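A.B. asks: There's a structure below that I have some questions on.
The values are calculated or read from the model by the stated rules, or taken from the named source; none is laboratory data. Predicted model only: the values in this text are computed from it and were never measured. As a convention, Cβ positions derive from the backbone with ideal geometry for all residues, glycine included, and neighbour counts pool all protein chains shown. These area figures cover heavy atoms from the full protein model, side chains too; ligands, DNA and RNA do not enter into them. Shrake-Rupley method; radii C 1.70, N 1.55, O 1.52, S 1.80 Å.
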Amino acid sequence: MDHLESGSGCRHAAEALVFNERTTIGLDVHARSVRAAALDTSTGEVIEARLPPGSDAVARWVAGIAADHGPVAAAYEAGPTGFGLARQLTAVGVPVTVAAPSKLIRPAGDKVKTDARDALLLARLLRMDELVPVRVPSVAEEAARDLVRARDDARTDLLSARHRLSKLLLRRGIVYDGSVTWNRPHDAWLRRVRNDGLGEAGHGTLAAFDAAFDAVTMTLARRDRLDMQIAGLAADSEFTAVTNRLGCLRGISTLTGFALAVEIGDWDRFTGRTVASYLGLVPSEHSSGGSRSLGPITKTGNTHARRLLIEAAWHHKARYVAGKTMTDRWAKSTPGAAARGDAGNRRLHHRWQVLTAHKKKHTVANTAIARELAGWCWSLAVMD
């Protein structure tokens, strides 16, 4: 009975907090226009407007609604327009919910979709507390995240540029005979091929080779510049402590640890179990009645952080020895973090051995290791 009363009290407290505002506002935000709908929950009146783009115009309109219809709360969908509008409205005292588009509830029989209807739907769902919010990052977090994703773009561009160059040579029957590519010996070999091996290929092929080689060189330089900037922030910023603690685990270098720190941001909103769900590393499920069917991982949430954990998990397959690289990383953090990192490394390598002994497919086993690795990262990130 006490448990039921406690639950009921929490529910009523939540309702009082959510429905404290008289008017809810839904904003369908686009790059060149904003469609707004305000729902006065006392009178049932609906006020609609088409606004020019920009946070200032929206803030002025919201202020006018608040003056005429009492306290307001606003909501809009997360998207490419970013979080500037949420920050500006929050700064003037308007509660803002940035809704997760994938969690938006839409009537199955509603076959007409317009900006006006979307704005009104957001206002109604906000009134019913049926919106799943996404966390609005701070300005510093968003700036660091832009840097990390620019580096990821450089990595992808470099991979594509190298692929184009190597396949250009392959079409000519020219293959590097070394075991390691894209190092200094390979670079010297590429230059010899340009001078000697493509003499009869024609001016078009030579021009294509030069363009591809220049693309590789310039993209590599861009990636290295971004690496230096990330290393500087990782060494002296609000993310330094978390980055150093995450580095106590194998497979998580400074770049990876910093990227995880800025992509996830506030680790305290998760637990060791829910962080894997947020990253889409848990199995999908379709259960009904007495049947329970598990499928592949959901792949929801932050794709950048999920890829980093998948790549880091492969490092735990090899035999675990705490070498100089690992001990140097431990020295940057606290003894408690180093001890927990060592325990995590041993545990994850043991899990690899168990899954291998059960003849699990390596990609499936690695995903399972990445799921557990997410929990170890969380435990390190939330350490005081």
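A.B. asks: Using a 1.4 Å probe, how large is the accessible area of Thr274, given in Å² and rounded to the nearest 10?
C.D. replies: 60 Å²
A.B. asks: Normalising by the residue count of region 239-296, find the relative contact order in percent from Cα pairs under 8 Å and 6+ residues apart.
C.D. replies: It comes to 20 percent, rounded to a whole number.
A.B. asks: Something else: Normalise the Cα radius of gyration of region 288-356 by 2.2 N^0.38 Å (N = residues in it) and let me know the number. Don't jump to the answer; show the numbers that get you there.
C.D. replies: Working: Rg = 16.6 Å, N = 69, 2.2 N^0.38 = 11.0 Å.
Taking the Cα Rg and dividing by 2.2 N^0.38 Å, one obtains 1.51.
A.B. asks: Hey, got the dipole for region 182-287? About the Cα centre, +1 on K and R Cβ, -1 on D and E Cβ, debye to the nearest 20?
C.D. replies: Values: 11 positive and 13 negative charges, 51 e Å.
Using Cβ point charges on Lys, Arg, Asp and Glu, region 182-287 gives about 240 debye.
A.B. asks: What is region 318-382's relative contact order, in percent, from Cα pairs under 8 angstrom and six or more apart in sequence?
C.D. replies: Values: 24 pairs, mean separation 22.4, N = 65.
The normalised contact order for region 318-382 reaches 34 percent.
A.B. asks: Determine the share of region 23-104's accessible area contributed by carbon and sulfur atoms, expressed in whole percent, with a 1.4 angstrom probe.
C.D. replies: Within region 23-104, the accessible surface is 53 percent carbon and sulfur.
A.B. asks: Keeping every protein chain present and rolling a 1.4 Å probe, give me the accessible area per residue for region 126-260 in Å². Don't jump to the answer; show the numbers that get you there.
C.D. replies: Values: 7510 Å² over 135 residues.
It amounts to 56 Å² per residue over region 126-260.
A.B. asks: Given 10 °C and 1.306 mPa s, compute D for region 205-295 with the Stokes-Einstein relation, Rh being the Kirkwood radius over Cα pairs; round to the nearest whole µm²/s. Intermediate values should be presented prior to the final figure.
C.D. replies: Working: Rh = 16.8 Å.
D = 94 µm²/s.
A.B. asks: Please list, in chain and number order, the residues 5+ apart from Phe270 or on another chain whose amide H is under 5 Å from its amide H, with Hs placed from the backbone.
C.D. replies: none
A.B. asks: Sticking with this structure for a sec: Quick one: dipole size for region 8-146, taken about the Cα centre, charges +1 on Lys/Arg Cβ and -1 on Asp/Glu Cβ, in debye to the nearest 20.
C.D. replies: On the way: 16 positive and 17 negative charges, 54 e Å.
Computed charge dipole of region 8-146: roughly 260 debye.
A.B. asks: Quick check on the chain: helices-only [θ] at 222 nm, where DSSP H runs of length 4 and up contribute -39,500 (n - 2.57) each and the sum goes over total residues. Nearest 500, please. Intermediate values should be presented prior to the final figure.
C.D. replies: Numbers: 14 runs with 212 residues, N = 384.
Mean residue ellipticity at 222 nm (helix-derived): -18000 deg cm²/dmol.
A.B. asks: Still on this model: Return the whole-Å distance between the Cα centroid of region 62-120 and the Cα centroid of region 361-382.
C.D. replies: A separation of 35 Å, based on Cα centres.
A.B. asks: Most fluctuating residue of Ala221, Ala73, Ala123 in a GNM of the chain with Cα springs under 10 Å: which is it?
C.D. replies: Checking each option, the largest mean-square fluctuation is seen for Ala221.
A.B. asks: Once the Cα gyration tensor of region 244-384 is diagonalised, what are the square roots of 5 times its eigenvalues, in whole Å and ordered largest first, as equivalent ellipsoid semi-axes? List each step's numbers first, then the result.
C.D. replies: Working: eigenvalues 138, 68, 29 Å².
One finds semi-axes of 26, 18, 12 Å for region 244-384.
A.B. asks: Now, a different point. Select from Ala150, Ala370, Ala91 the residue whose mean-square fluctuation is largest in a Gaussian network model of the chain (Cα-Cα springs shorter than 10 Å).
C.D. replies: Ala91
A.B. asks: Using a 1.4 angstrom probe on the protein heavy atoms only, line up Asp129, Asp268, Asp152, Asp177 by accessible area, largest first.
C.D. replies: Numbers: Asp129 90, Asp268 115, Asp152 25, Asp177 140 Å².
If we order Asp129, Asp268, Asp152, Asp177 from most to least accessible, we get Asp177, Asp268, Asp129, Asp152.
A.B. asks: Moving on to the next point. Counting each pair of different Cα atoms once, what's the Kirkwood radius of region 137-207 in Å, rounded to one decimal? Don't jump to the answer; show the numbers that get you there.
C.D. replies: Working: mean 1/r = 0.0682 Å⁻¹.
About 14.7 Å, per the Kirkwood formula over Cα pairs.
A.B. asks: Once you sort the root eigenvalues of the Cα gyration tensor of region 68-136 as a ≥ b ≥ c, which label holds: rounded (a/c under 1.5), prolate (a/b larger than b/c) or oblate (the other case)?
C.D. replies: Working: a/c = 1.93, a/b = 1.44, b/c = 1.34.
It is prolate, given that a/c is not under 1.5 and a/b is the larger ratio.
A.B. asks: Placing +1 at every Lys and Arg Cβ and -1 at every Asp and Glu Cβ, with all other atoms neutral, what dipole size does region 234-384 have around its Cα centre, in debye to the nearest 20?
C.D. replies: Working: 21 positive and 11 negative charges, 173 e Å.
Using only the charged Cβ atoms, the result is roughly 840 debye.
A.B. asks: Going by amide H atoms built from the backbone, whose H comes under 5 Å of the H on Ile297, apart from near neighbours?
C.D. replies: Sorted by chain and number, the residues that satisfy this are Ser284.
A.B. asks: Okay, moving on. May I ask you to derive the relative contact order of the chain, considering only C-alpha pairs under 8 Å and at least 6 residues apart, and to give it as an integer percent? List each step's numbers first, then the result.
C.D. replies: Numbers: 461 pairs, mean separation 46.1, N = 384.
Computed value for the chain: 12 percent relative contact order.
A.B. asks: log10 I(q)/I(0), Debye, Cα-only region 148-251, no solvent, q = 0.14, 0.21 Å⁻¹?
C.D. replies: Evaluating at q = 0.14, 0.21 Å⁻¹ gives log10 I(q)/I(0) of -0.67, -1.09.
A.B. asks: Where does the chain land on the Kirkwood hydrodynamic radius, alpha-carbon pairs, in angstrom?
C.D. replies: Values: mean 1/r = 0.0400 Å⁻¹.
Evaluated over the chain, this radius sits at 25.0 Å.
A.B. asks: For the chain, what is the percent of antiparallel DSSP beta bridges, rounded to the nearest 5? Don't jump to the answer; show the numbers that get you there.
C.D. replies: Numbers: 19 of 28 bridges.
Expressed as a percentage, antiparallel bridges in the chain total about 70.
A.B. asks: A further question follows. I'd like to know how region 48-192 sits against the 2.2 N^0.38 Å rule of thumb: what's its Cα Rg over that expected value?
C.D. replies: 1.71
A.B. asks: In Å², and per residue, what accessible area does region 283-346 have when probed at 1.4 Å with the other protein chains present?
C.D. replies: Working: 3980 Å² over 64 residues.
Ligands and nucleic acids excluded, the result is 62 Å² per residue.
A.B. asks: Where the accessible area of region 312-384 is counted over protein heavy atoms with a 1.4 Å probe, how much of it, in %, is carbon and sulfur? Intermediate results must be reported in sequence, preceding the final value.
C.D. replies: Details: 2330 of 4040 Å².
That fraction is 58 percent.
A.B. asks: Same structure, new question: Hey, any idea what % of region 160-261's accessible area is carbon plus sulfur with a 1.4 Å probe? Don't skip to the answer; put the middle values down first.
C.D. replies: Values: 3020 of 5660 Å².
Exposed carbon and sulfur together represent 53 percent of the surface.
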